[in-house]
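The values are calculated or read from the model by the stated rules, or taken from the named source; none is laboratory data. Every value quoted in this text rests on a predicted model; they were computed, and no experiment measured them. All Cβ positions, even for glycine, are placed from backbone atoms using ideal geometry, and neighbour counts span all protein chains on display. Areas reflect the complete protein model, heavy atoms only, side chains present, ligands, DNA and RNA absent. Shrake-Rupley method; radii C 1.70, N 1.55, O 1.52, S 1.80 Å.
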Amino acid sequence: MSYNKKQIAVLVSGNGSNLQAIIDAIKSNQLKNTEVAIVISNKPNAYALHRAQTEGIKNVFINPSEFNTIQDFDKKIIDVLKTHNIDLIVLAGYTKILSSELINAFNNKIINIHPSLLPLFGGKGMYGQKVHEAVLKSGVKETGCTVHFVTQEVDAGPIILQKKIPVLSSDTIETLSKKVLGEEHSLLIEGINLALFENLPIKKAENYLQNTI
Ligand code: GAR
C-alpha cells in the first residue's frame, strides 16, 4: 500500500469488466495516484475476483449467508474497508443494496455505475440485464449509463456523469447491454477522477451532470 496514493475499494458481484477498466486505467495513468486497495465480492464465483487475483490485487469474498442481517454483513464490510484507509468505494456491478450504516460510514465516498439514464430504470431490483429488458419493453429511443453518488435512496444520489446511447429497433438485450457496457468503462474512469480529485461537494454534484452523445 502506498499512502500517498488514493485508495479505492471496488465492490463486485459478477464479471468485473468495470473493475478491469479501473485496473487498466491505473496502469495507463488515466487514473493517476490511485491504487485498488481491495476488491470485495458477495459472490464466491465472481469472475471479478479472478481478475483481482490475476493482477495481484487483494481480494476477498464475504459470504452473506454467514450473517443474520444485512447490517451484520455490512459491518464486516465496514471493518474490512476501515483497515484499508479507503478514499473512495466504487460499486462496480455490485448487486446488494447497501445498509444505511455502510452508507453513513463512508458519507459522500461511495459511487455507483448504473446501466441506464437515471432516474429512469433504476431502483431496487433493477440491475444488469433486467435494466436493458425494461428499457426495450418501454420503447424509449435512448438509454445510457450513469455514475452517481450513493445515498440512502437506491439509485437516486447526485449524478456525476451520464452518457446517452441510442436504442435501435433492432436492439436486443444482448446488443444493448454490450453497447452500454462499452460506454460504462470510460464514464466510470472519468467519474472516479472527478470524485477523487475534484472534491465534488455532494449537494452540488448534480451541477456536474454532463450529457454527451
Ligand atoms: C454493469 O452493466 C453495471 O452498470 C451493472 O452491472 C454490470 C456489471 O458489469 N450494475 C448495475 O446494474 C447496478 N444496479 P461488470 O461486472 O462487467 O462490471
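Couple of notes before you dig in:
- THR175 paired with TYR47, simple spin-label distance in nm, labels 7 Å along Cα-to-beta-carbon: 2.2
- Seen against the Cα atoms of the chain and their longest principal axis, helix 129-138 is set at about 20 degrees.
- Computed from point charges on the beta carbon alone (+1 for Lys and Arg, -1 for Asp and Glu), the dipole magnitude for the chain about its Cα centre is near 140 Debye.
- Proximal aspartates and glutamates relative to LYS164, as straight alpha-carbon distance under 18 Å, when same-chain residues fewer than 8 apart are discounted: GLU133, GLU142, ASP155, GLU174, GLU183, GLU184, GLU190, GLU206
- Distance violations [Cα-Cα > 26 Å] among LYS58/LYS163; LYS58/LYS82; LYS5/LYS58; LYS76/LYS124: LYS58/LYS163
- A DSSP coil position with no more than 15 other Cβ atoms inside 10 Å describes none of the trypsin sites (Lys or Arg not before Pro) in the stretch 148-194.
- Where N is the number of residues in the stretch 47-149, Cα Rg divided by 2.2 N^0.38 Å: 1.22
- Nearest-ten-degree value, helix 173-197 long axis tilted from longest Cα axis of the chain: 50
- When the residues TYR94, TYR127 are ordered by accessible surface, computed with a 1.4 Å probe over the protein chains alone, the sequence from largest down reads TYR127, TYR94.
- A probe of 1.4 angstrom, applied to the heavy atoms of all protein chains, finds SER28 with accessible area near 70 square angstrom.
- Axis angle, to the nearest 10 degrees, between helix 17-27 and the longest C-alpha principal axis of the chain: 60 degrees.
- Kirkwood Rh, angstrom, the stretch 154-199 [1 / mean 1/r, Cα pairs]: 12.3
- All-pairs alpha carbon distance profile, the stretch 110-164, 10 Å steps from 0, percent: 27, 58, 16, 0
- In this structure, the amide hydrogen of ILE113, modeled 1.01 Å from its nitrogen in the peptide plane, lies closer than 5 angstrom to those of LEU91, GLY93, counting only residues at least 5 positions away or on a different chain.
- Relative to its residue count, the chain spans a Cα convex hull of 118 Å³ per residue.
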